[in-house]
Every structure is written in structure tokens, then in C-alpha cells.
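The values are calculated or read from the model by the stated rules, or taken from the named source; none is laboratory data. Just so it is clear, the structure is predicted and the values come from calculations on it, not from any experiment. The protein model used for the area step is the full one, side chains on, heavy atoms only, and it has no ligands, DNA or RNA in it. Shrake-Rupley method; radii C 1.70, N 1.55, O 1.52, S 1.80 Å.
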Amino acid sequence: MRIIFVRHAESVANAERRIQGHADYELSDEGRTQAELLHDRFVEEGFMPTHVYSSPLARCAQTARIAAREEPEMWSDLIEHDMGKLSKMSIEMAKERYPGLVWSRPSEPKIGIEQPSARRQRSTKVLQRLLSEHGNGDAVLAVSHGGILQSILAEVLGTERTWGVQVQNTAIFDFTIDLSRWPLKGAEAHADCLDTALWRINRFNDATHLARG
């Protein structure tokens, strides 16, 4: 199975340097251009998804519609993590109001930021659903957000650590997984885990198509 995760194109809030979380913003004009460039890249490469999923927030749904030229299935677990009281706030104001805050940690529970453990639980559900509902012949496109994608990527890679990645707008994370070998256990599974032909990272945080704009 091929799975391509994509961060949404530039939103109005991105352009205004505002924190989004669950706040719903549409794409900016630049964002629509970015999504079109992503579509052109998929066409040039012959990528035709059999299934298209999207976070229900407008910036993802619009990106998916433009890039895939079809209506995506909305998937609530792909939504960005909740930024609580920081939502809609400018980055500058947030830094002034909460100096020293590390947004990826639940160090300020009164702010209402979704805790990292909850993000990983959602990400586990995303991967489990993808593995259980699809076959090796499927090509899946899932459009999500820069924050939650870090947790999803950690799940796909099988690491307990959630690595920080500065995810670019419309960046592609492209994986190939042999589903027939994934669920094996014991010694046979260990041997498969070492076989790079069964699981491949084709592209990681790749937004080179934006250079054409």
C-alpha cells in the first residue's frame, strides 16, 4: 500500500501568523496556488489516489479537493491538535502573553492545549485504520496538519519518540508498506522489520513543487 500524508496549503491564518489549532480558516490565495501546484505534481507523477481522506477543517478539505480533484472523506482523527486559548491568537501575542511556553507540552494546562499523549492516541487510531481498511493495491492520500502529523509520522515509523519536524505547507510524506507482512509476530516479524524492501520512505517533508510557483 502507498500512503501519502500531506500538510494543508497556506491558510489565511498562516499568512497572518496566527495560531490555529481547531480554529477553522480557509486557504489564502497563495494557499490555493500551492494546492494547484501539488495537483500538477500528482498528475505529472501519475499518482491517482484510490482513497482521499481529510481533516474536517476547511484548510485541509480545500487542499484535498484541489489536489485530488475529488471530494475527500472527512476524518476527525486527522484534525489538528487543540491549541486551546492560543487559537486565533497571533504568534507574537502568544509569546508575549505566555513567555517561555513550549506549546508541544502540557506545561500550561489552563490554556487547554491538547496533551501529547492524546495526540499519540489519535495517531495510533489513524495508522490502525489505514492498515485495517486497505490493501496493498490501494493508494491513499491523507491531508492533515503540521502539528498532528508529527505524531502520525512517529506512529508510522514505529518510534516511541515524537520527533519535532517543521512541516512545510503541502509537504509530502510518502510511504510504501507491504500490508501482508506488517502484522507478523515473533522471529519472522523481526526478520521482516530489517527488510527495507517491505517498507520504504519515498519522500519526507518534500515541497519542492512550490518552487515552480
What does the accessible area of W75 come to, in Å² to the nearest 10, when a probe of 1.4 Å is used? 10
Ignoring any ligand, DNA or RNA, what whole percent of the accessible area of the chain comes from carbon and sulfur when the probe is 1.4 angstrom? 50
Result for region 1-149: accessible area per residue, probe 1.4 angstrom, in square angstrom, of 46
Which one, R200, R120, R97, has the greatest fluctuation when you compute a Gaussian network model over the chain with C-alpha springs under 10 angstrom? R97
For the chain, modelled as a GNM with alpha-carbon contacts under 10 angstrom, which of P72, P56, P116 fluctuates the most? P116
